[in-house]
1. Kindly sort A:Arg8, B:Arg255, B:Arg135 by accessible area of their heavy atoms, largest first, with the probe set to 1.4 Å.
2. Take the Cα of B:Gln95, step 7 Å along the line toward its Cβ, and report every residue of region A:114-138 whose backbone nitrogen sits under 16 Å from that point.
3. Going by average Cβ density within 10 Å per residue, which order do the peptides B:51-58, B:194-201, B:260-267, A:93-100 take, highest to lowest?
4. Could you sort the peptides B:274-282, B:105-113 by per-residue average Cβ neighbour count (10 Å cutoff), highest mean leading?
5. Taking chain B as a Gaussian network, where each spring joins two C-alpha atoms under 10 Å apart, which residue of B:Asp214, B:Asp44, B:Asp224 fluctuates the most?
6. Using the charge dipole of the protein assembly as shown (Lys, Arg: +1 at Cβ; Asp, Glu: -1 at Cβ; taken about the Cα centre), state which of B:Val166, A:Val123, B:Leu125 has its Cα farthest towards the positive end.
7. Counting only other chains, what is the mean number of Cβ atoms within 10 angstrom of the Cβ of each residue in peptide A:133-143?
8. Quick check for me: using +1 on Lys/Arg Cβ and -1 on Asp/Glu Cβ, what's the dipole size of region A:61-120 about its Cα centre, in debye to the nearest 20?
Amino acid sequence: MNLEQLKRKSRQLWCETLKLHGQEPGIRIASSLSCVELLAALFYGGFLQLYPNQPYHPDRDRFIASKGHGAAALYPLLSDLGFFSAERLNEVGSPRTAFGMIPDPAVPGIETVNGSLGHGLGVGAGMALSLKQAHHPAKVVVLHGDGELGEGSVWEAAAFAGEMHLNNLFLLLDVNRKSMLGTCRRSLEQWERMFQAFSWKTAVCAGHDLAEIRNALTEQFSRQSDCPSVLLLDTVKGHGVPELERSELAHVMSLKPERIEALIAERMNADV
Amino acid sequence: MSKAMRDMFWDRIHEEMKSDPQLFVLTADFGAPALDRIAADFPDRFVSVGISEQNLVNIAAGLALEGRRVIAYAIAPFFLRCAEQIRINLAMTNQFRPLNVTLAGVGVGFSYVVSGPSHHALEDLSVLHNFPGLRIITPSDSISAGGAAELTRQPGLRYLRFDSQVLPDIYDEKFRFPECGYTVLRKGGKNPVALIGSGAMTGIALQVAERLPDCKMIDLFDPDANLRKELTDCSRIYTMEEGVLGRGGVDSAIRLTCPDKKVTGFGFSGQYEFTARSRDALQSSFGLTAEQIADRIREDMKS
């Protein structure tokens with residue numbers, strides 16, 4: 001897929017994520033929009049070995065969305081990749097459905113139970129440990145938010161991964177700088193230094209620039225390393241929606257259906 | 001038998017490490033002589049995660065998702081630290097994807113007698129009892145602890161609670177872990193009083209039975225075992241545990257299965273005891289010696 005095609009896919013993903021928020025206003029849209037470009041680059045860029053017809057194929061790369069409340073973009077993404085039919089996306093917002101506000105393993109392609117934060121890196125590290133012991137080439141990729149780094153269990157996992165040289169474990173950090181109550185106290189640079197202190201390789205990239213993200217992912221996954229690595233993405237919470245971008249309380253904001261419609265129309269009319 | 005529960009258990013596991021390449025042992029910086037042998041003989045399937053119980057459970061979950069048969073070992077009361085990890089990454093995840101994880105904790109009840117209440121596992125059974133799919137097993141001697149090792153082969157989740165002290169043998173080498181989750185150690189006479197013990201209190205219950213006429217005596221390994229049929233003819237029921245009373249432990253479990261029976265619980269209630277430094281002194285502080293329990297029951301039976 002060339003950059004132009006990727007940009008179209010990313011735009012499509014952004015619009016469809018907003019659409020799902022319209023169906024289910026409980027979806028944390030601001031959290032979901034800060035990682036659209038990352039997910040598009042990761043999944044459409046050929047970085048993950050996936051088997052849509054066999055979601056738990058033993059040779060697959062394992063992807064864990066630890067920031068479960070901000071993973072709604074996975075629904076249209078996994079559907080587009082063939083994990084389930086597009087019809088199922090209509091279930092989002094129904095009173096009884098596996099396709100809830102936070103994805104769980106009832107949805108094909110979802111590995112773990114999230115929603116509660118700070119678990120993904122540890123569980124991912126356990127998977128990575130098993131794969132390494134078995135000399136299996138598959139990798140484990142975990143998506144985290146920066147607010148989520150407040151959980152101590154994250155650092156237990158980070159320390160463990162560093163000490164155990166889990167070089168098949170990769171963390172993608174969506175640093176949108178805001179948690180529920182507003183701007184986080186720590187900066188991206190501080191998080192980067194913390195991971196380095198835990199013996200992780202680190203890299204930073206602009207979080208909404210598809211070319212940069214793609215290059216950074218290429219770098220990260222092809223690098224020969226004896227330690228785990230983290231890519232810190234400099235993102236904006238609620239990216240693409242001005243009233244979300246400028247609000248300290250974007251986390252809890254919902255958008256009205258008419259606003260969603262207007263946003264999608266505006267985005268589709270603009271350059272890709 | 002001079003071996004502690006955990007060593008009997010780890011001896012059995014060690015025997016299986018070679019034949020089962022999926023067996024993976026984790027510890028939160030906690031040891032045992034038999035565990036040292038596993039670490040030496042199978043270094044690539046033995047990992048200490050360090051003093052980090054939350055990570056212990058998360059790593060266990062990740063390994064189990066990869067099809068491993070995982071045993072995660074720690075000091076029993078410290079499993080409360082990772083209750084949420086047990087909830088999300090074991091209990092909930094197990095509803096979607098099959099896991100085989102055995103949590104093994106040492107220090108049930110007051111067994112860490114000199115360390116004080118921070119090391120006493122009094123609430124762990126009732127707290128962890130709340131998670132669907134997590135079977136909780138409390139052996140009463142080293143032989144039953146070794147026998148519990150076979151449970152680690154089964155799919156699913158379990159928490160094995162080991163005493164840290166060497167308790168008197170109750171079973172012999174013919175012991176096989178009962179799937180029903182309990183054994184009847186004394187049948188009792190007609191309409192007997194029932195004594196139900198768990199862990200170290202099973203040994204105490206046996207001593208109580210010697211002091212009272214014709215009791216039915218049950219060793220309860222699994223609080224979810226259905227004892228209803230066993231207790232039909234019993235006039236009264238007394239439960240004994242080094243655990244919190246009235247909060248989801250053994251006494252509560254029996255009351256749930258036998259709502260028509262009078263159930264009196266012996267266990268921990270009130271405040272933590274910081275000055276008693278022997279098993280006997282600790283049990284005595286909470287009315288849990290054989291003498292104290294037998295006296296209480298005799299009083300009770302007068303009314």
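The values are calculated or read from the model by the stated rules, or taken from the named source; none is laboratory data. Because the structure is a prediction, the values reported are computed rather than measured. Positions of Cβ are generated from backbone atoms using ideal geometry, with glycine treated the same way; all protein chains shown enter the neighbour counts. Side chains included, ligands, DNA and RNA excluded: accessible areas come from the protein's heavy atoms. Shrake-Rupley method; radii C 1.70, N 1.55, O 1.52, S 1.80 Å.
1. Details: A:Arg8 120, B:Arg255 95, B:Arg135 50 Å².
Ranked list, largest accessible area first: A:Arg8, B:Arg255, B:Arg135.
2. A:114-116
3. Details: B:51-58: 27.4, B:194-201: 29.2, B:260-267: 18.2, A:93-100: 13.6.
Descending packing order for the listed peptides: B:194-201, B:51-58, B:260-267, A:93-100.
4. Values: B:274-282: 13.9, B:105-113: 25.9.
Ranked by mean Cβ neighbours within 10 Å, highest first: B:105-113, B:274-282.
5. In the Gaussian network model the winner is B:Asp44.
6. Farthest along the dipole direction, towards plus: B:Leu125.
7. Values: counts 8, 6, 0, 1, 0, 1, 0, 2, 0, 0, 0.
Counting Cβ atoms of other protein chains within 10 Å of each residue's Cβ and averaging gives 2.
8. Values: 4 positive and 6 negative charges, 30 e Å.
It works out to roughly 140 debye.
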